[in-house]
Amino acid sequence: MLQKKFLMLPPQSSRVTDWPAKLRADVPELEIIVADNAQQAAQAVIDADAAYGMMTPDLLKKATRLKWLQSPMASPPKGFYFPELIAHPLTVTNFRGIFDDRIGTHIMMYVLAFARGLHYYFPRQMQRKWQPEPEDTGVVHLPESTALVVGVGGIGAEAARLLAAFGVTVLATDARVTAAPPGVAELHQPDQLDTLLPRADFVILTMPLTPSTEGMFNRTRFQRMKRSAFFINIGRGRTTKLDDLVAALQAGQIAGAGLDVFEQEPLPADHPLWTMPGVILTPHMALYGPHLNERRYEITVDNCRRFAAGQPLRNIVDKASWF
(Lines give C-alpha, C1' and ligand atoms only; values in the text may rest on other atoms or scores of the structure.)
Protein backbone atom coordinates (compact mmCIF):
# COMPACT_ATOMS: atom_id res chain seq x y z
CA MET A 1 0.00 0.00 0.00
CA LEU A 2 1.38 3.40 -0.99
CA GLN A 3 2.25 5.79 1.83
CA LYS A 4 -0.06 8.81 1.91
CA LYS A 5 1.61 12.18 1.28
CA PHE A 6 1.04 15.30 3.40
CA LEU A 7 2.25 18.52 1.75
CA MET A 8 3.26 21.66 3.67
CA LEU A 9 2.45 24.52 1.30
CA PRO A 10 4.35 27.81 1.04
CA PRO A 11 4.63 30.38 2.43
CA GLN A 12 5.41 28.77 5.77
CA SER A 13 5.42 30.89 8.91
CA SER A 14 8.21 30.56 11.44
CA ARG A 15 5.84 28.85 13.86
CA VAL A 16 5.71 25.69 11.69
CA THR A 17 9.38 25.33 10.79
CA ASP A 18 9.82 22.46 13.25
CA TRP A 19 6.55 20.75 12.34
CA PRO A 20 7.84 18.54 9.48
CA ALA A 21 10.38 16.80 11.70
CA LYS A 22 7.85 16.42 14.51
CA LEU A 23 5.18 15.07 12.14
CA ARG A 24 7.60 12.56 10.66
CA ALA A 25 8.34 11.29 14.16
CA ASP A 26 4.74 11.39 15.40
CA VAL A 27 2.99 10.08 12.27
CA PRO A 28 5.43 7.79 10.42
CA GLU A 29 2.48 6.47 8.40
CA LEU A 30 2.53 9.73 6.40
CA GLU A 31 5.21 11.00 4.05
CA ILE A 32 5.73 14.67 4.99
CA ILE A 33 6.72 16.89 2.07
CA VAL A 34 7.75 20.53 2.44
CA ALA A 35 7.42 22.89 -0.54
CA ASP A 36 9.60 25.96 -0.05
CA ASN A 37 8.33 27.85 -3.07
CA ALA A 38 5.57 27.92 -5.66
CA GLN A 39 7.48 25.77 -8.15
CA GLN A 40 8.05 22.99 -5.61
CA ALA A 41 4.41 23.19 -4.54
CA ALA A 42 3.19 22.87 -8.13
CA GLN A 43 5.19 19.67 -8.54
CA ALA A 44 4.46 18.14 -5.13
CA VAL A 45 0.71 18.81 -5.16
CA ILE A 46 0.21 16.53 -8.17
CA ASP A 47 0.20 13.37 -6.09
CA ALA A 48 -0.32 14.80 -2.58
CA ASP A 49 -3.13 13.21 -0.58
CA ALA A 50 -3.37 16.04 1.96
CA ALA A 51 -1.97 19.51 2.50
CA TYR A 52 -1.49 22.23 5.10
CA GLY A 53 -1.63 25.92 4.21
CA MET A 54 -3.04 28.27 1.61
CA MET A 55 -4.31 26.49 -1.49
CA THR A 56 -4.65 28.37 -4.80
CA PRO A 57 -6.83 27.68 -7.85
CA ASP A 58 -3.76 26.86 -9.96
CA LEU A 59 -2.45 24.37 -7.42
CA LEU A 60 -5.84 22.76 -7.00
CA LYS A 61 -6.06 22.19 -10.76
CA LYS A 62 -2.85 20.17 -10.61
CA ALA A 63 -3.90 18.03 -7.64
CA THR A 64 -5.03 14.55 -8.66
CA ARG A 65 -5.35 12.82 -5.26
CA LEU A 66 -6.01 15.61 -2.75
CA LYS A 67 -8.55 14.58 -0.11
CA TRP A 68 -7.88 16.92 2.83
CA LEU A 69 -6.68 20.49 3.39
CA GLN A 70 -5.81 21.78 6.89
CA SER A 71 -6.38 25.53 7.06
CA PRO A 72 -3.59 27.40 8.87
CA MET A 73 -6.20 29.54 10.66
CA ALA A 74 -9.50 29.17 12.47
CA SER A 75 -11.14 31.69 10.16
CA PRO A 76 -8.92 32.45 7.17
CA PRO A 77 -9.23 35.67 5.19
CA LYS A 78 -11.65 36.25 2.35
CA GLY A 79 -10.43 34.42 -0.74
CA PHE A 80 -9.29 31.24 1.00
CA TYR A 81 -12.55 29.51 0.05
CA PHE A 82 -12.53 30.19 -3.69
CA PRO A 83 -15.25 28.65 -5.90
CA GLU A 84 -13.14 25.75 -7.15
CA LEU A 85 -12.18 24.77 -3.61
CA ILE A 86 -15.80 24.89 -2.47
CA ALA A 87 -16.86 22.67 -5.38
CA HIS A 88 -13.97 20.22 -4.90
CA PRO A 89 -14.75 16.99 -2.99
CA LEU A 90 -11.78 17.44 -0.61
CA THR A 91 -12.41 18.09 3.11
CA VAL A 92 -11.18 21.28 4.79
CA THR A 93 -10.47 21.45 8.52
CA ASN A 94 -9.52 24.46 10.64
CA PHE A 95 -8.25 25.49 14.09
CA ARG A 96 -11.49 26.54 15.72
CA GLY A 97 -11.69 25.97 19.45
CA ILE A 98 -8.09 26.71 20.39
CA PHE A 99 -8.67 30.39 21.22
CA ASP A 100 -11.92 30.18 23.18
CA ASP A 101 -10.47 30.85 26.63
CA ARG A 102 -8.20 33.73 25.56
CA ILE A 103 -10.79 35.53 23.45
CA GLY A 104 -13.50 34.97 26.05
CA THR A 105 -11.25 36.74 28.57
CA HIS A 106 -10.59 39.55 26.07
CA ILE A 107 -14.32 40.08 25.64
CA MET A 108 -14.70 40.38 29.39
CA MET A 109 -11.87 42.91 29.44
CA TYR A 110 -13.92 45.18 27.18
CA VAL A 111 -17.16 44.56 29.08
CA LEU A 112 -15.61 45.29 32.47
CA ALA A 113 -13.76 48.35 31.15
CA PHE A 114 -16.97 49.87 29.81
CA ALA A 115 -19.00 48.80 32.84
CA ARG A 116 -16.60 50.57 35.19
CA GLY A 117 -16.13 53.67 33.04
CA LEU A 118 -12.51 53.15 32.02
CA HIS A 119 -13.27 54.66 28.62
CA TYR A 120 -13.70 57.93 30.53
CA TYR A 121 -10.71 57.52 32.80
CA PHE A 122 -8.00 56.26 30.41
CA PRO A 123 -7.90 59.61 28.53
CA ARG A 124 -8.06 61.58 31.78
CA GLN A 125 -5.15 59.57 33.16
CA MET A 126 -3.04 60.61 30.15
CA GLN A 127 -4.02 64.22 30.87
CA ARG A 128 -3.31 63.83 34.63
CA LYS A 129 -6.86 64.99 35.22
CA TRP A 130 -8.70 64.03 38.43
CA GLN A 131 -12.30 64.13 37.24
CA PRO A 132 -14.63 61.41 38.52
CA GLU A 133 -18.04 60.99 36.99
CA PRO A 134 -21.05 61.51 39.30
CA GLU A 135 -21.32 58.49 41.57
CA ASP A 136 -24.66 57.37 40.13
CA THR A 137 -23.56 57.62 36.48
CA GLY A 138 -20.76 56.40 34.23
CA VAL A 139 -21.01 52.73 35.16
CA VAL A 140 -23.12 49.73 34.15
CA HIS A 141 -24.53 47.50 36.90
CA LEU A 142 -23.86 44.13 35.31
CA PRO A 143 -26.59 42.14 37.16
CA GLU A 144 -29.13 44.48 35.59
CA SER A 145 -27.58 44.41 32.11
CA THR A 146 -28.10 42.33 28.99
CA ALA A 147 -25.51 41.17 26.48
CA LEU A 148 -26.25 39.92 22.97
CA VAL A 149 -23.64 37.47 21.69
CA VAL A 150 -23.82 37.27 17.90
CA GLY A 151 -22.42 33.83 17.10
CA VAL A 152 -22.39 31.50 20.09
CA GLY A 153 -19.92 28.87 18.94
CA GLY A 154 -16.90 28.03 21.08
CA ILE A 155 -15.77 31.62 21.68
CA GLY A 156 -19.30 32.95 22.12
CA ALA A 157 -20.19 30.15 24.51
CA GLU A 158 -17.14 30.88 26.68
CA ALA A 159 -18.03 34.58 26.69
CA ALA A 160 -21.60 33.72 27.70
CA ARG A 161 -20.35 31.58 30.59
CA LEU A 162 -18.17 34.41 31.89
CA LEU A 163 -20.85 37.06 31.40
CA ALA A 164 -23.42 34.98 33.27
CA ALA A 165 -20.97 34.60 36.17
CA PHE A 166 -21.09 38.40 36.54
CA GLY A 167 -24.89 38.33 36.56
CA VAL A 168 -25.38 39.49 32.98
CA THR A 169 -28.45 38.20 31.12
CA VAL A 170 -27.12 36.70 27.90
CA LEU A 171 -29.04 36.57 24.62
CA ALA A 172 -27.45 34.82 21.66
CA THR A 173 -27.90 34.12 17.97
CA ASP A 174 -26.36 31.30 15.99
CA ALA A 175 -27.15 29.53 12.73
CA ARG A 176 -25.84 26.12 13.83
CA VAL A 177 -26.14 25.83 17.60
CA THR A 178 -29.50 24.29 18.54
CA ALA A 179 -29.23 24.08 22.34
CA ALA A 180 -28.41 27.09 24.52
CA PRO A 181 -24.90 26.77 26.00
CA PRO A 182 -24.44 27.30 29.76
CA GLY A 183 -25.03 30.94 30.62
CA VAL A 184 -27.24 31.71 27.63
CA ALA A 185 -30.74 32.72 28.73
CA GLU A 186 -32.19 32.88 25.22
CA LEU A 187 -30.92 31.34 21.96
CA HIS A 188 -32.32 32.65 18.68
CA GLN A 189 -31.79 32.18 14.96
CA PRO A 190 -29.80 34.92 13.16
CA ASP A 191 -32.95 36.27 11.50
CA GLN A 192 -34.05 37.51 14.94
CA LEU A 193 -31.01 39.76 15.31
CA ASP A 194 -32.80 43.03 14.54
CA THR A 195 -35.47 42.40 17.18
CA LEU A 196 -32.82 41.57 19.80
CA LEU A 197 -30.51 44.54 19.27
CA PRO A 198 -32.70 47.09 21.14
CA ARG A 199 -32.60 44.87 24.26
CA ALA A 200 -28.82 44.72 24.64
CA ASP A 201 -26.44 46.85 26.69
CA PHE A 202 -23.49 45.04 25.09
CA VAL A 203 -23.55 43.72 21.52
CA ILE A 204 -20.69 41.25 21.08
CA LEU A 205 -19.65 39.88 17.69
CA THR A 206 -17.80 36.56 17.74
CA MET A 207 -18.85 35.12 14.39
CA PRO A 208 -16.43 34.34 11.55
CA LEU A 209 -16.37 36.04 8.17
CA THR A 210 -18.75 34.19 5.84
CA PRO A 211 -20.80 35.20 2.79
CA SER A 212 -23.72 35.94 5.11
CA THR A 213 -21.80 37.88 7.79
CA GLU A 214 -19.70 40.22 5.64
CA GLY A 215 -20.77 43.79 6.35
CA MET A 216 -23.72 42.67 8.48
CA PHE A 217 -23.18 45.42 11.03
CA ASN A 218 -23.94 48.66 9.26
CA ARG A 219 -25.58 52.01 10.03
CA THR A 220 -29.08 50.49 10.10
CA ARG A 221 -28.10 47.95 12.72
CA PHE A 222 -26.29 50.51 14.86
CA GLN A 223 -29.46 52.60 14.78
CA ARG A 224 -31.36 49.67 16.32
CA MET A 225 -29.05 49.57 19.34
CA LYS A 226 -29.63 51.47 22.58
CA ARG A 227 -27.91 54.85 22.74
CA SER A 228 -26.34 53.59 25.97
CA ALA A 229 -25.11 50.32 24.45
CA PHE A 230 -21.54 49.26 23.69
CA PHE A 231 -20.44 47.43 20.55
CA ILE A 232 -17.65 44.82 20.78
CA ASN A 233 -16.10 42.99 17.82
CA ILE A 234 -13.47 40.27 18.26
CA GLY A 235 -14.64 38.05 15.37
CA ARG A 236 -13.64 39.32 11.95
CA GLY A 237 -13.21 42.95 10.94
CA ARG A 238 -15.06 42.71 7.64
CA THR A 239 -18.30 41.87 9.44
CA THR A 240 -18.55 45.55 10.41
CA LYS A 241 -18.63 48.66 8.24
CA LEU A 242 -16.18 50.93 10.03
CA ASP A 243 -17.43 54.11 8.37
CA ASP A 244 -20.91 53.29 9.63
CA LEU A 245 -19.57 52.60 13.12
CA VAL A 246 -17.77 55.95 13.16
CA ALA A 247 -20.94 57.70 12.02
CA ALA A 248 -22.98 55.99 14.75
CA LEU A 249 -20.45 56.99 17.42
CA GLN A 250 -20.29 60.57 16.19
CA ALA A 251 -24.09 60.80 16.19
CA GLY A 252 -24.30 59.40 19.72
CA GLN A 253 -26.37 56.44 18.53
CA ILE A 254 -24.24 54.09 20.65
CA ALA A 255 -22.14 54.77 23.74
CA GLY A 256 -18.85 53.20 22.69
CA ALA A 257 -16.99 50.41 20.95
CA GLY A 258 -14.31 47.86 21.79
CA LEU A 259 -12.57 46.49 18.71
CA ASP A 260 -9.82 43.93 18.20
CA VAL A 261 -10.49 43.39 14.48
CA PHE A 262 -11.00 45.89 11.69
CA GLU A 263 -12.28 46.15 8.14
CA GLN A 264 -8.79 47.29 7.16
CA GLU A 265 -5.74 45.99 9.03
CA PRO A 266 -3.55 47.53 10.23
CA LEU A 267 -5.96 50.32 11.06
CA PRO A 268 -4.55 53.43 9.32
CA ALA A 269 -2.83 55.85 11.69
CA ASP A 270 -5.12 58.68 10.57
CA HIS A 271 -8.35 56.74 11.15
CA PRO A 272 -10.78 58.63 13.41
CA LEU A 273 -11.34 55.60 15.66
CA TRP A 274 -7.90 56.05 17.22
CA THR A 275 -8.93 59.24 19.02
CA MET A 276 -12.69 58.93 19.38
CA PRO A 277 -14.08 59.09 22.92
CA GLY A 278 -15.61 55.86 24.19
CA VAL A 279 -13.47 53.64 21.93
CA ILE A 280 -11.01 50.98 23.12
CA LEU A 281 -8.80 49.39 20.47
CA THR A 282 -6.43 46.42 20.49
CA PRO A 283 -4.39 45.31 17.43
CA HIS A 284 -5.96 41.94 16.55
CA MET A 285 -4.36 40.19 19.52
CA ALA A 286 -7.33 38.82 21.48
CA LEU A 287 -6.13 35.27 20.81
CA TYR A 288 -2.65 35.89 22.25
CA GLY A 289 -1.36 33.71 25.06
CA PRO A 290 1.06 30.89 25.79
CA HIS A 291 0.93 27.47 24.13
CA LEU A 292 -1.02 28.58 21.04
CA ASN A 293 1.34 26.86 18.64
CA GLU A 294 1.18 23.68 20.69
CA ARG A 295 -2.62 23.81 20.33
CA ARG A 296 -2.33 24.30 16.56
CA TYR A 297 0.07 21.39 16.29
CA GLU A 298 -2.10 19.15 18.45
CA ILE A 299 -5.02 19.51 16.06
CA THR A 300 -2.77 19.05 13.02
CA VAL A 301 -1.03 15.92 14.31
CA ASP A 302 -4.31 14.43 15.53
CA ASN A 303 -5.87 14.98 12.12
CA CYS A 304 -2.78 13.53 10.42
CA ARG A 305 -3.14 10.36 12.49
CA ARG A 306 -6.85 10.21 11.74
CA PHE A 307 -6.23 10.75 8.03
CA ALA A 308 -3.56 8.05 7.88
CA ALA A 309 -5.94 5.64 9.64
CA GLY A 310 -8.96 6.55 7.53
CA GLN A 311 -10.83 7.97 10.54
CA PRO A 312 -13.12 11.04 10.67
CA LEU A 313 -11.27 14.35 10.91
CA ARG A 314 -11.71 17.08 13.56
CA ASN A 315 -13.01 20.59 12.88
CA ILE A 316 -14.49 19.91 9.45
CA VAL A 317 -15.54 23.11 7.64
CA ASP A 318 -18.71 23.74 5.69
CA LYS A 319 -16.83 25.15 2.73
CA ALA A 320 -19.82 26.93 1.23
CA SER A 321 -20.23 28.99 4.41
CA TRP A 322 -16.43 29.23 5.02
CA PHE A 323 -16.67 27.86 8.57
Per the 1/(1 + (r/R0)^6) rule, R0 = 45 Å and r from the Cβ atoms of Leu281 and Leu2, FRET efficiency to 0.05 is 0.30
So, relative contact order of the range 165-313 in percent, Cα under 8 Å, 6 or more apart, is 15 percent
Residue-ordered couplings for the range 192-205, obtained by feeding phi - 60° into the Karplus form 6.51 cos²θ - 1.76 cosθ + 1.60 and rounding to whole Hz (Gly and Pro as x), are 8, 3, 5, 7, 8, 3, x, 8, 9, 8, 9, 10, 10, 9
Amide H neighbours of Lys4 at under 5 Å, excluding residues fewer than 5 places away on the same chain, with H built from the backbone geometry, are Glu31
Of every hundred units of 1.4 Å-probe accessible area on the range 87-176, the number belonging to carbon and sulfur atoms, as a percent, is 56 percent
For the chain, the convex hull over Cα atoms projects on average to an area in nm² of 18.4 nm²
The simple spin-label model distance between Ala175 and Lys78, using points 7 Å out along Cα→Cβ, in nm, is 1.5 nm
Rounded to one decimal in nm, the spacing of the 7 Å Cα→Cβ label points at Glu135 and Gln43 is 7.7 nm
As straight-line cross-link partners of Lys241, the qualifying lysines (C-alpha separation under 28 Å, not fewer than 8 residues apart within one chain) are Lys78, Lys226, Lys319
Other residues with Cβ under 13 Å from the Cβ of Glu133 give, with Lys and Arg +1 and Asp and Glu -1, a net charge of +1
Among the range 266-305, those whose backbone N falls under 12 Å of a label point 7 Å along Cα→Cβ from Ala21 are none
Taking a probe of 1.4 Å and leaving out DNA, RNA and ligands, the range 31-100 shows per residue an accessible area in Å² of 42 Å²
The size of the Cβ-based charge dipole (Lys, Arg +1; Asp, Glu -1) of the range 1-77 about the Cα centre, to the nearest 20 debye, is 140 debye
The ³J(HN,Hα) series, computed from each phi in the range 113-122 with the Karplus coefficients 6.51, -1.76 and 1.60 at θ = phi - 60°, rounded to the nearest Hz and given as x for glycine or proline, is 4, 5, 5, 9, x, 5, 5, 7, 8, 4
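The values are calculated or read from the model by the stated rules, or taken from the named source; none is laboratory data. The model shown is predicted, which means the values in this text are computed figures rather than measured ones. Cβ atoms come from the backbone with ideal geometry, glycine included; neighbour counts cover every protein chain shown. In case anyone asks, the SASA skips ligands and DNA or RNA and just uses the protein heavy atoms, side chains included. Shrake-Rupley method; radii C 1.70, N 1.55, O 1.52, S 1.80 Å.
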